[in-house]
Amino acid sequence: MHEMSKLEFLLNNPEWVAVFASAVFAVFTITVIIWQVFVMKEQVRVMVWQGRTSARHESRQNRLIESQNRLIRFQFEHERIQILNGERARLLKLGRKLQLSVSCLKETPSEHDGIFWDEVVDEASELNVRLSTLDIDAYDDFYGEWYFHLTDYVESLLRAIADDGKQPAIAPGIRPAPTTVAALLAIEKRCDPTQIFLEIETAIRMDFFDFKNRWDAETSNV
């Protein structure tokens, strides 16, 4: 009786072939499953990394967009402040001209009174129109009291100008009457236009400084 080879043994015992095939298939299956698990873990890790990266990128983008929007808003606000300060500066210039014209009038009649009087009438009328059409944002803040003081000053002058027509003139067609000059000087003393003009200058300066401080605080965080 000759010794059986492994091949003959397997051919004569097919059940061992099935066992062997099953074992090989099981090993292969387990290997595939382990590989799939490894691949899935790697995919999950990559997805988590991508998600975190995307979230950080989106967060940076959002912060950048917010900063850009704030800067744009500040630019518009700066332009707005320049416009408002321009209006305040024009009122300041016209108010000083008006004060100078009033100060040139004396209770003792002069041949130049007519020229100065015409300037007072024109400048007070123009200033009144500008105040009546002034943007409320130019004085609707902590430093805006100058508007009401200036309005009182101009309205008082206009009342004195209107009353002058009821007073007898020094000579036909010559204005103002001495009583009107006295009234104008009394208004100057009561309203103190020099102080009003200082208030306007403060409003112009502080509005700019307040904006600059907010601008510096914003740009330092960009």
Every residue in the stretch 116-135 that is farther than 14 Å from I161 by Cα and out of contact with any Leu (no Cβ under 7 Å at 6 or more places or on another chain), please.
V129, S132, T133, L134
Filtering the stretch 114-140 down to residues that are of a type in the set (A, V, I, L, M) and surrounded by 14 or more Cβ atoms within 10 Å (Cβ to Cβ), which residue is farthest from T180 (Cα to Cα)?
A138
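For every residue, the table says whether it meets (1) modelled with pLDDT under 90; (2) surrounded by 14 or more Cβ atoms within 10 Å (Cβ to Cβ); (3) more than 16 Å from E201 (Cα to Cα); (4) under 34 Å from the mean Cα position of the chain (by Cα).
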site: Q82; (1), (2), (3), (4): yes, no, no, yes
site: R96; (1), (2), (3), (4): no, yes, no, yes
site: Y147; (1), (2), (3), (4): no, yes, no, yes
site: A171; (1), (2), (3), (4): yes, no, yes, no
Kindly provide the set of residues from the stretch 61-80 that are touching a residue at least 40 places away in the same chain (Cβ under 8 Å) and either buried (at least 17 other Cβ atoms within 10 Å of the Cβ) or over 22 Å from E145 (Cβ atoms) (or both), ordered by number.
S67, R70, L71, F74, E77, H78
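Results for (1) assigned to a helix (DSSP H, G or I); (2) under 17 Å from N85 (Cβ atoms); (3) among the basic types (K, R), shown as yes or no for each residue.
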| site | (1), (2), (3) |
| --- | --- |
| L105 | no, no, no |
| W117 | yes, no, no |
| N128 | yes, no, no |
| W146 | yes, yes, no |
| L158 | yes, no, no |
| E201 | yes, yes, no |
Sort through R45, R60, R73 and tell me the only one that's at pLDDT below 75 and either out of contact with any helix residue (DSSP H, G or I) (no Cβ under 9 Å at 6 or more places or on another chain) or outside any helix (DSSP H, G or I) (or both).
R60
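The values are calculated or read from the model by the stated rules, or taken from the named source; none is laboratory data. Keep in mind that what you see is a predicted model, and the values were worked out from it rather than measured. Cβ: placed from backbone, ideal geometry, glycine included. Neighbour counts: every protein chain shown.
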